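Visitor: My structure is below; once you've seen it, I'll send some questions.
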Amino acid sequence: MQKQALVDHYGRSLSYLRISVTDRCNLNCLYCKGQDISPMNFHPAEILSYEEILRLVRIGAGMGITKVRITGGEPLMRKGLCPFLEKLVAIPGILDVSITTNGVKLSDYLKPLKDLGIKRLNISLDSLNRETFEQIAGLDRLHRVYDTIMTALDMGFSPIKINMVALRGINDHEFGDFAQLTMPLPLHIRFIEYMPSSPHMLDKKKQILSPEIKQRLQRRESLIPVLPTNKSAVSETFRYKNAKGDIGFISPVSKHFCKTCNRLRLTADGKLRPCLLSDKFVDIKDAMRNGKDDSFIGEKLKQAAGLKPEYSLTVGNHNVMVPRLMSAIGG
Ligand code: SAM
């Protein structure tokens, strides 16, 4: 198959596939699916099998996909993940495999991940305070997650990115504490703007945009810009003088990154979504299960690329809205 065949109508090469392997999660974060919503998880038969996902990645790799991130739900909740990852990292053309996790079950996976050569971790951590952690995530798991992050650092995982969704009146008094972690530790703290997602939304007043976070941090100490290492980097990154780690701002609301977006998302139930903020998708599960050949599936990938909007109409006016729960799409 032709390399770089996945180019959208606006000349963007789509080389990054984010795969949600499950919509189930062991936490219940306020901003993600909401603690008031009872889980409506996909039936197991609706979820793509690992073999189906691997087949899609193999086809995608022949069309220019080089980078894969495993997400969820909570990816470590799905049984058989390590044998699947072993096959994933072995796919020719896949150069970079990483995981986004809430870290609750991560300690059991550190050794197998390291053995597979997976070194990049994104760990969600929204508070360094036990009560606030529980308030956001629904369970008292701060110490387990924090200790696992320290173990992962000791084991040489790198980069370790810490995703912190900024919420006014909930964890905004901790911005400085998160930023200070980068002084002694080579962590990459990423402050993320809260994106409302349908049908669950927090009060809009809880949203804090990156310029305000940056301004608050700069009151303490100046932030030195760090040049992006790749043109599709979504975070605007800084560091404190003499810090071992860095501080980034992911600003899907105030400063969209549509122009350089190189992503496609695969949901656990087999939908290719070209844009987090659009409800357009291409289903690949039926094709997979109806005996269609690889070139047919490749056409589905191209169709998904063709649906990628130039930019989301919601950006700019700060009314960004994710059309489905993040736990269902994969964040
Ligand atoms: N369970 C894993 C975790 O917690 O990292 C992976 C899935 S989670 C949906 C992926 C990322 O999306 C997390 O870093 C989370 O903080 C982020 N996220 C979820 N809902 C969000 C929202 N409404 N706005 C901004 N980020 C969100």
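The values are calculated or read from the model by the stated rules, or taken from the named source; none is laboratory data. Remember, it's a predicted structure, so these values are computed and weren't measured experimentally. All Cβ positions, glycine included, derive from the backbone under ideal geometry; neighbour counts span all protein chains shown.
Visitor: Being in contact with a strand residue (DSSP E or B) (Cβ under 6 Å, 6 or more places away or on another chain), part of a loop (DSSP other than H, G, I, E, B) and β-branched (Val, Ile, Thr) narrows it down to one of Ile65, Ile19, so name that one.
Guide: Result: Ile65 is the single residue among Ile65, Ile19 that is in contact with a strand residue (DSSP E or B) (Cβ under 6 Å, 6 or more places away or on another chain), part of a loop (DSSP other than H, G, I, E, B) and β-branched (Val, Ile, Thr).
Visitor: Take Met183 and decide whether it is in contact (Cβ under 8 Å) with a residue 40 or more places away in the chain and surrounded by fewer than 17 Cβ atoms within 10 Å (Cβ to Cβ).
Guide: yes
Yes/no per residue for (1) away from the ligand (no atom under 16 Å from the Cβ); (2) touching a Gly at 6+ places or on another chain (Cβ under 6 Å); (3) of a type outside the set (A, V, I, L, M); (4) under 18 Å from Ser327 (Cα atoms):
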| position | (1), (2), (3), (4) |
| --- | --- |
| Arg58 | yes, no, yes, no |
| Pro75 | no, no, yes, yes |
| Cys82 | yes, no, yes, no |
| Glu86 | yes, no, yes, no |
| Val97 | no, no, no, no |
| Pro112 | yes, no, yes, no |
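Matching residues to (1) within 16 Å of Arg18 (Cα to Cα); (2) surrounded by fewer than 20 Cβ atoms within 10 Å (Cβ to Cβ); (3) modelled with pLDDT of 95 or more; (4) among the basic types (Lys, Arg):
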| position | (1), (2), (3), (4) |
| --- | --- |
| Phe238 | no, no, yes, no |
| Ala243 | no, no, yes, no |
| Gly248 | no, no, yes, no |
| Pro252 | no, no, no, no |
| Lys255 | no, yes, no, yes |
| Cys261 | yes, no, no, no |
| Arg265 | yes, no, yes, yes |
| Ala268 | yes, no, yes, no |
| Arg273 | yes, no, yes, yes |
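Visitor: Looking at (1) at pLDDT 95 or above; (2) exposed (fewer than 15 other Cβ atoms within 10 Å of the Cβ), find the lone condition where Met1 falls short.
Guide: So Met1 meets the others, but not (1).
Visitor: Hey, could you check segment 72-92 for residues that are outside any helix (DSSP H, G or I), in contact with a strand residue (DSSP E or B) (Cβ under 9 Å, 6 or more places away or on another chain) and not small (Gly, Ala, Ser) and say which is nearest to Cys25 (Cα to Cα)?
Guide: Glu74
Visitor: Conditions first: (1) at pLDDT 95 or above; (2) within 16 Å of the ligand (Cβ to nearest atom); (3) surrounded by fewer than 16 Cβ atoms within 10 Å (Cβ to Cβ). Tyr16 passes all but one, so which condition is the exception?
Guide: (3)
Visitor: Ok, one more. Considering only residues that are assigned to a loop (DSSP other than H, G, I, E, B) and more than 22 Å from Ile192 (Cβ to Cβ), look in segment 120-157 and name the one that is farthest from the ligand (Cβ to nearest atom). Quick ask: steps written out before the conclusion?
Guide: Within segment 120-157, the subset assigned to a loop (DSSP other than H, G, I, E, B) is 125-129, 138-141, 155-157.
Of the ones still in play, those that are also more than 22 Å from Ile192 (Cβ to Cβ) are 140, 155-156.
Numbers: Asp140: 16, Met155: 19, Gly156: 21 Å.
Looking at residues that are assigned to a loop (DSSP other than H, G, I, E, B) and more than 22 Å from Ile192 (Cβ to Cβ), I get Gly156.
Visitor: Any chance you could count how many residues in segment 159-205 are more than 17 Å from Val253 (Cβ to Cβ), out of contact with any helix residue (DSSP H, G or I) (no Cβ under 9 Å at 6 or more places or on another chain) and among the polar types (S, T, N, Q)?
Guide: 1
Visitor: Then there is this: Tell me which residues, restricted to segment 42-57, are of a type outside the set (Ser, Thr, Tyr), crowded, with 16+ Cβ neighbours inside 10 Å and free of Cβ contacts under 8 Å to residues at least 40 places away in the same chain.
Guide: Scanning segment 42-57 gives a single hit, Leu54.
Visitor: Further question: Which one of these is more than 27 Å from Arg12 (Cα to Cα), among the β-branched types (Val, Ile, Thr) and buried (at least 21 other Cβ atoms within 10 Å of the Cβ): Ile208, Ile224?
Guide: Values: Ile224 fails: buried (at least 21 other Cβ atoms within 10 Å of the Cβ).
Sole residue among the options that is more than 27 Å from Arg12 (Cα to Cα), among the β-branched types (Val, Ile, Thr) and buried (at least 21 other Cβ atoms within 10 Å of the Cβ): Ile208.
Visitor: Would you please name the residue that is nearest to Leu14 (Cα to Cα), looking only at residues in segment 63-97 that are of a type in the set (Gly, Ala, Ser) and crowded, with 18+ Cβ neighbours inside 10 Å? Show your work before the answer.
Guide: First pass over segment 63-97, keeping only residues of a type in the set (Gly, Ala, Ser): 64, 72-73, 80, 90, 93.
Still in the running and crowded, with 18+ Cβ neighbours inside 10 Å: 64, 72-73.
Details: Gly64: 7, Gly72: 20, Gly73: 23 Å.
Filtering segment 63-97 for residues that are of a type in the set (Gly, Ala, Ser) and crowded, with 18+ Cβ neighbours inside 10 Å, the one nearest to Leu14 (Cα to Cα) comes out as Gly64.
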